[in-house]
Amino acid sequence: MAHDLPSPDLPSPGRPLKIGTRGSPLALAQAHETRDRLAAAFALPSEAFEIVVIKVTGDQILDRALKDIGGKGLFTREIEEALLDGSIDIAVHSMKDMPTIQPEGLVLDCYLPREDVRDAFVSPTVARLIDLPQGAVVGSSSLRRRAQLAHRRPDLQLVEFRGNVQTRMKKLADGVAVATFLAMAGLNRLGLAEVARSAIDPEEMLPAVAQGAIGIERRAADDRVAALLAAIHDRDTGLRLAAERAFLLRLDGSCETPIAGLALLEGDKLWLRGEVLRPDGTQVITGERRGLATDGAAMGTELAAELLTRAGPGFFA
Ligand SMILES: NCc1[nH]cc(CCC(=O)O)c1CC(=O)O
């Protein structure tokens, strides 16, 4: 058992476990949650942990869409370098932003209990997505949300929207758009649940793969840290993410391709739904698989292969 780690191996105020994270308020909240769970699991003081904030390229470029500046790796590269060079011991990530393949020497096999997976509908004036008036202007820079909206509501006008929650709320107050979308998980973790006007049912808008999940990355050879992380790993989240991330991996998911996917557990069974879209929303292909929870990765790969076949070679062009 991880809890039986010999005490000389436990972090202490004199030899703290270094937790690497981005500096955004959400990233810090996730790092604090990780620290608090580890501290509780091993009855350690918070001084046995040190939060190390790492600047990443993606946070410094706010004026361009992510797909134009290199995609998901921009939020993780510097943090993974810090893990590999030993300046941090673990890295806390929003799994939604993680590339499907980890660099040589690193592993990601610890997940905290998943938050609300749904997207939030955010608007000062409109209660729900279906209440948006004809032709309304909505803001989102997420390729997935833009494609899903364009598909369901081709009448809507989409404008780019990036930045933190406060920036986006200001844009709404200024009338740049009447509504925007955020992950419920992020709002809940920031203590800003009231920002969500309503939560959007996954039937209406299938969330991003891994939305709401926090993953903790470590050096593959670091057995001491592996034992610590095993104590806070949430098995259900791990099973769901195995299916969703296998789906994403087979699709070679990148910021260029709108993809959605969600696995739910029903006892020892897993239900995986997946969706690929053309960016302009003119075509959506959805599918699902049901099987044993422990077969999630195979189900994800198979579902992706099915969608790729049905999409045909021209779909993503
Ligand atoms: N792409 C940015 C990002 N990465 C993770 C979250 C929210 C938290 C989560 O889904 O775990 C967000 C913001 C958002 O989509 O509102």
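Test Arg162 against the stated conditions and say whether it is within 12 Å of the ligand (Cβ to nearest atom), in contact with a Lys or Arg (Cβ under 9 Å, 6 or more places away or on another chain) and farther than 27 Å from Ala243 by Cβ.
Details: within 12 Å of the ligand (Cβ to nearest atom): yes; in contact with a Lys or Arg (Cβ under 9 Å, 6 or more places away or on another chain): yes; farther than 27 Å from Ala243 by Cβ: yes.
Yes: the conditions hold for Arg162.
Given Arg245, Arg235, which one is of a type in the set (D, E, K, R), over 23 Å from Pro154 (Cα atoms) and surrounded by 19 or more Cβ atoms within 10 Å (Cβ to Cβ)? Give the steps one after another, and end with the answer.
Working: Arg235 fails: surrounded by 19 or more Cβ atoms within 10 Å (Cβ to Cβ).
So the residue among Arg245, Arg235 that is of a type in the set (D, E, K, R), over 23 Å from Pro154 (Cα atoms) and surrounded by 19 or more Cβ atoms within 10 Å (Cβ to Cβ) is Arg245.
Need at least 1 residues that are in contact with a Cys (Cβ under 7 Å, 6 or more places away or on another chain) and either within 15 Å of the ligand (Cβ to nearest atom) or on the phi < 0 side of the Ramachandran plot (or both) per element, so show me which strands (runs of 3 or more DSSP E) inside segment 168-253 make the cut, counting only ones lying wholly within it. So that I can check it myself, show each step before the final result.
Values: elements: 179-183, 198-200, 214-219.
It comes to 214-219.
Quick one: in segment 206-224, which of the residues that are surrounded by fewer than 21 Cβ atoms within 10 Å (Cβ to Cβ) and touching a residue at least 40 places away in the same chain (Cβ under 8 Å) is farthest from Leu84 (Cα to Cα)? Walk me through how you get there before you give the answer.
Residues of segment 206-224 that are surrounded by fewer than 21 Cβ atoms within 10 Å (Cβ to Cβ), as a first pass: 219-224.
Those still in the list that are touching a residue at least 40 places away in the same chain (Cβ under 8 Å) too: 219-222, 224.
Numbers: Arg219: 7, Ala220: 10, Ala221: 11, Asp222: 11, Arg224: 15 Å.
Applying the filter and picking the extreme gives Arg224.
Test Gly261 against the criterion of being part of a helix (DSSP H, G or I), buried (at least 19 other Cβ atoms within 10 Å of the Cβ), among the small types (Gly, Ala, Ser) and touching a helix residue (DSSP H, G or I) at 6+ places or on another chain (Cβ under 9 Å), and give yes or no. Reasoning before the result, please.
Values: part of a helix (DSSP H, G or I): no; buried (at least 19 other Cβ atoms within 10 Å of the Cβ): yes; among the small types (Gly, Ala, Ser): yes; touching a helix residue (DSSP H, G or I) at 6+ places or on another chain (Cβ under 9 Å): yes.
It is false that Gly261 is part of a helix (DSSP H, G or I), buried (at least 19 other Cβ atoms within 10 Å of the Cβ), among the small types (Gly, Ala, Ser) and touching a helix residue (DSSP H, G or I) at 6+ places or on another chain (Cβ under 9 Å).
Identify, by number, the condition in (1) over 16 Å from Arg118 (Cβ atoms); (2) within 14 Å of the ligand (Cβ to nearest atom) that Arg145 doesn't meet.
(1)
Suppose we filter segment 285-308 for residues that are among the acidic types (Asp, Glu) and in contact (Cβ under 8 Å) with a residue 24 or more places away in the chain; how many remain? Steps first, please.
So the first thing to find is which residues in segment 285-308 are among the acidic types (Asp, Glu), and the list is 288, 295, 302, 306.
Now restrict to residues that are in contact (Cβ under 8 Å) with a residue 24 or more places away in the chain: 295.
Final tally of qualifying residues: 1.
Identify all residues within segment 116-131 that are outside any strand (DSSP E or B) and either crowded, with 21+ Cβ neighbours inside 10 Å or of a type in the set (Val, Ile, Thr) (or both); write none if there are none. Spell out how you get there, then give the answer.
Start the filter on segment 116-131 by keeping residues that are outside any strand (DSSP E or B), which leaves 116-118, 123-131.
Selection gives Val117, Arg118, Ser123, Thr125, Val126, Leu129, Ile130.
Go through segment 176-191 residue by residue and tally those that are surrounded by fewer than 23 Cβ atoms within 10 Å (Cβ to Cβ) and among the β-branched types (Val, Ile, Thr).
Total meeting the criteria: 2.
Among the numbered criteria (1) surrounded by fewer than 18 Cβ atoms within 10 Å (Cβ to Cβ); (2) touching a strand residue (DSSP E or B) at 6+ places or on another chain (Cβ under 8 Å); (3) of a type outside the set (Lys, Arg), which one does Asp201 miss?
It fails just one condition, (2).
Go through segment 280-303 and give me each residue that's within 16 Å of Pro207 (Cα to Cα) and surrounded by 16 or more Cβ atoms within 10 Å (Cβ to Cβ). If you could, list the steps in order and put the result at the bottom.
Restricting attention to segment 280-303, the residues satisfying the condition of being within 16 Å of Pro207 (Cα to Cα) are 281, 284-288, 300.
Matches in segment 280-303: Gly281, Val284, Ile285, Gly287, Gly300.
The numbers here are math on the coordinates, done by the rules we state, and not lab data. Keep in mind it's a predicted model, so treat the numbers as computed, not measured. Note that each Cβ is placed from the backbone with ideal geometry, even for glycine, and that neighbours are counted across all protein chains shown.
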